[in-house]
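Undergrad: Input: one structure, supplied below.
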Amino acid sequence: MLLSTGELIKGGDSSSVEFKSTLRMNLHTGQEDPKMVLSVLKTLAAFINTDGGTLLIGVANDGTLVGLGPDKFESEDRMSLRLVELIKDRMGTSHMMYIHPRFDDYQGGRVLAVDYLPGRSPIFVKDGNVERFYVRAGPSSQDLSGARMQAYIQERFRS
């Protein structure tokens, strides 16, 4: 059973819930920022590589409503399509079945809630010319590489 957006926010950031103010916009500069996009994709990959979870876009780290307005999409459909494009481009299409976006009302505004199921195989995020591997460690996403990544993948995705 899925928890409501309000229940998720009340519980705060955790190993299975993460808040992001925006999908693509830097609130300080008012401009699109690739770092914001990478932050969202990194969280998504970490949830899939670990135990699943929910990402709430339009919610500040302290749980206050930011809403979808700052991202400046023409519609919720355009925002959802952009998220799907980013996932396909930077993570591949094979993991789309684990990602379930939905728009919810919260305190008079709108939030994009993206539910993630745990994956059956490792997922990597393209960051320029590098592919990175992320996992959840408490309320944060961690980049694993080398022997640590290899050991994690062997243990987590054992058939």
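Undergrad: When residue 11 is evaluated against the numbered criteria (1) open to solvent by 70 Å² or more (accessible area, probe 1.4 Å); (2) without any contact (Cβ under 8 Å) to a residue 12 or more places away in the chain, which criterion, by number, is the only one it fails?
TA: Tallying (1) open to solvent by 70 Å² or more (accessible area, probe 1.4 Å); (2) without any contact (Cβ under 8 Å) to a residue 12 or more places away in the chain, residue 11 fails exactly one: (1).
Undergrad: Which one of these does residue 56 not meet: (1) part of a strand (DSSP E or B); (2) aliphatic (A, V, I, L, M); (3) open to solvent by 20 Å² or more (accessible area, probe 1.4 Å)?
TA: If we test residue 56 against (1) part of a strand (DSSP E or B); (2) aliphatic (A, V, I, L, M); (3) open to solvent by 20 Å² or more (accessible area, probe 1.4 Å), just (3) comes out false.
Undergrad: Further question on the same structure: Which condition number does residue 84 fail, the rest of (1) surrounded by 15 or more Cβ atoms within 10 Å (Cβ to Cβ); (2) of a type in the set (Val, Ile, Thr); (3) over 24 Å from residue 13 (Cβ atoms) being met?
TA: Here residue 84 meets the rest and fails (1).
Undergrad: Continuing with the same structure: Could you tell me whether segment 73-83 includes any residue that is outside any helix (DSSP H, G or I) and within 22 Å of residue 140 (Cα to Cα)? Show your work before the answer.
TA: Residues of segment 73-83 outside any helix (DSSP H, G or I): 73-75.
This time we only want the ones that are within 22 Å of residue 140 (Cα to Cα), so: none.
No; the residues of segment 73-83 include none that is outside any helix (DSSP H, G or I) and within 22 Å of residue 140 (Cα to Cα).
Undergrad: May I pose another question? Given 86, 117, which one is of a type in the set (A, V, I, L, M) and either more than 21 Å from residue 18 (Cα to Cα) or touching a strand residue (DSSP E or B) at 6+ places or on another chain (Cβ under 9 Å) (or both)?
TA: 117
Undergrad: Within segment 107-159, how many residues are open to solvent by less than 70 Å² (accessible area, probe 1.4 Å), hydrophobic (A, V, I, L, M, F, W, C), in contact with a helix residue (DSSP H, G or I) (Cβ under 9 Å, 6 or more places away or on another chain) and not in a strand (DSSP E or B)?
TA: Number of matching residues: 4.
Undergrad: Can you find even one residue in segment 68-79 that is touching a Leu at 6+ places or on another chain (Cβ under 7 Å), within 23 Å of residue 15 (Cβ to Cβ) and surrounded by 14 or more Cβ atoms within 10 Å (Cβ to Cβ)?
TA: no
Undergrad: Then there is this: Is it the case that some residue within segment 28-35 is touching a residue at least 60 places away in the same chain (Cβ under 8 Å) and either in a loop (DSSP other than H, G, I, E, B) or open to solvent by 50 Å² or more (accessible area, probe 1.4 Å) (or both)?
TA: Scanning segment 28-35, I find no residue that is touching a residue at least 60 places away in the same chain (Cβ under 8 Å) and either in a loop (DSSP other than H, G, I, E, B) or open to solvent by 50 Å² or more (accessible area, probe 1.4 Å) (or both), so the answer is no.
Undergrad: Return the pairs, sorted by first residue and then second, in which the second residue is of a type outside the set (Gly, Ala, Ser) and open to solvent by 60 Å² or more (accessible area, probe 1.4 Å), the first residue lies in segment 136-153 and is more than 14 Å from residue 124 (Cβ to Cβ), the beta carbons are less than 8 Å apart, and the residues are 6+ apart or on different chains.
TA: These pairs meet every condition: 136/51; 136/142.
Undergrad: All but one of (1) assigned to a loop (DSSP other than H, G, I, E, B); (2) open to solvent by less than 60 Å² (accessible area, probe 1.4 Å); (3) modelled with pLDDT of 95 or more; (4) out of contact with any Gly (no Cβ under 8 Å at 6 or more places or on another chain) hold for residue 103, so report the exception by its number.
TA: (1)
Undergrad: Under 8 Å by Cβ, and 6 or more places apart or on different chains, what pairs join a residue from segment 110-134 that is at negative phi and free of Cβ contacts under 8 Å to residues at least 40 places away in the same chain with one that is open to solvent by 10 Å² or more (accessible area, probe 1.4 Å) and of a type in the set (Ser, Thr, Tyr)?
TA: Filtered contacts from segment 110-134: 121/94.
Undergrad: When you go through (1) of a type outside the set (Gly, Ala, Ser); (2) closer than 18 Å to residue 134 by Cα; (3) open to solvent by 60 Å² or more (accessible area, probe 1.4 Å) one by one for residue 97, which number turns out not to apply?
TA: Failed condition: (2).
The values are calculated or read from the model by the stated rules, or taken from the named source; none is laboratory data. This structure is a prediction, so every number in the text was calculated from the model and none was measured. No Cβ is skipped: glycine too gets one built from the backbone with ideal geometry, and neighbour counts run over all protein chains shown. In case anyone asks, the SASA skips ligands and DNA or RNA and just uses the protein heavy atoms, side chains included. Shrake-Rupley method; radii C 1.70, N 1.55, O 1.52, S 1.80 Å.
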